[in-house]
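Shown next, in C-alpha cells, is the structure this report addresses.
The values are calculated or read from the model by the stated rules, or taken from the named source; none is laboratory data. Note that the structure is predicted; figures quoted are calculated from it, not measured. FYI the Cβ positions are ideal-geometry reconstructions off the backbone, even for glycines, and counts take in every protein chain you see. Note: accessible area is taken over every heavy atom of the protein model, side chains too, but ligands, DNA and RNA are not part of it. Shrake-Rupley method; radii C 1.70, N 1.55, O 1.52, S 1.80 Å.
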Amino acid sequence: MKRFLILNGPNLNRLGKREPGVYGADGLDVLEAMIRKEAATLGVLVSFLQSNHEGALIEAIHAAHDEALDGIVFNPAAFTHTSVALRDAISSGTVPVVEVHISNVHAREEFRHTTVTGAVSRAVISGLGFEGYLAALRFLAANKS
Ligand code: DQA
C-alpha cells in the first residue's frame, strides 16, 4: 500500500479559529477527517503531522525520505515564503512533495507571492481550500515515478 505524509506547518492548528474569512470555518480535525476518507477511497495509507516548529517539519521530511514514502502533501504555511531550510529538506531526498495552500497566495499580500519551497516541489496548489489537499493526494496516489 502506498504511504503518504500530510504535513501542516505553523498556525494551521488554528484552522477554524484563525481568519475564517480566509481559511474557512472548519478546523484541522475536519481537514484530517476529509483526507482520511479520501485515503480510504484511494486505498492508501496516510499519516499526519502539524507543527509550529521549522525543525520538526524538517525532521519529518527527512524521515519521509529515509522511509521512502510515496509522497508528502505539504502546507508549509508562513515558512513557504522564507524557509531555505525547508526547501533544502525537500531537496535532500527523492520523495515527491505537492505543496498546498488553502488560500490563493497570489491574490494576497505581495510577500506571499514568493514560494521558496514551491520551486523544489512537484506541484503547487493554491486557492482550492481543503479540496487542494485531496487533489494533491489523488495526484500523488496516481503518480508512477
Ligand atoms: C497558507 C498561506 C500562507 O501565506 C500563510 O502564511 C498560511 C497559510 C495557506 O494555506 O493558504 O499560514 O499556507
note = Expected field for Asp29, accessible surface area in Å² at 1.4 Å probe radius, rounded to 10, holds 110
request  = Run the 1.4 Å probe and let me know the accessible area of Phe111, rounded to the nearest 10 Å².
outcome  = 120
ask   = When the chain is modelled as a GNM with alpha-carbon springs shorter than 10 Å, which of His65, His101, His113 fluctuates the most?
value = His113
key: the range 22-77 and the range 81-145: distance between their alpha carbon centers, rounded to Å   = 12
remark   = Most fluctuating of Thr80, Thr115, Thr94 in the GNM of the chain (C-alpha, under 10 Å) is Thr94
key: Near-label residues of the range 111-145 by backbone N, under 16 Å of a point 7 Å along Cα→Cβ of Thr82   = 111-117
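Largest first, what is the accessible-area ranking of Phe4, Phe139, Phe79 with a 1.4 Å probe?
Numbers: Phe4 0, Phe139 80, Phe79 40 Å².
Reading off the accessible areas and sorting them downward yields Phe139, Phe79, Phe4.
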ask   = What dipole magnitude, in Debye to the nearest 20, does the range 1-130 give about its Cα centre under +1 on Lys/Arg Cβ and -1 on Asp/Glu Cβ?
value = 240
task = Would you rank Arg122, Arg138 by solvent-accessible area, highest first, keeping every protein chain in place and using a 1.4 Å probe?
result = Arg122, Arg138
ask   = With the contact rule set at Cα under 8 Å and sequence spacing of 6 or more, what percent relative contact order holds for the range 57-96?
value = 63
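Quote the relative contact order of the range 29-141 in percent (integer), defining contacts as alpha-carbon pairs under 8 Å separated by 6+ residues.
Normalised by residue count, the contact order of the range 29-141 is 28 percent.
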message = How large is the direction-averaged shadow of the alpha-carbon convex hull of the chain, in nm²?
response = 7.6
task = Work out how much length Thr114 to Ala63 would gain on full extension: take 0.36 nm times their residue separation and subtract the Cα-Cα distance, in nm to one decimal.
result = 15.7 nm
ask   = Can you give the extra length, in nm with one decimal, that the chain gains between Glu19 and His106 once fully stretched, where that is 0.36 nm per residue apart less the Cα-Cα distance?
value = 29.6 nm
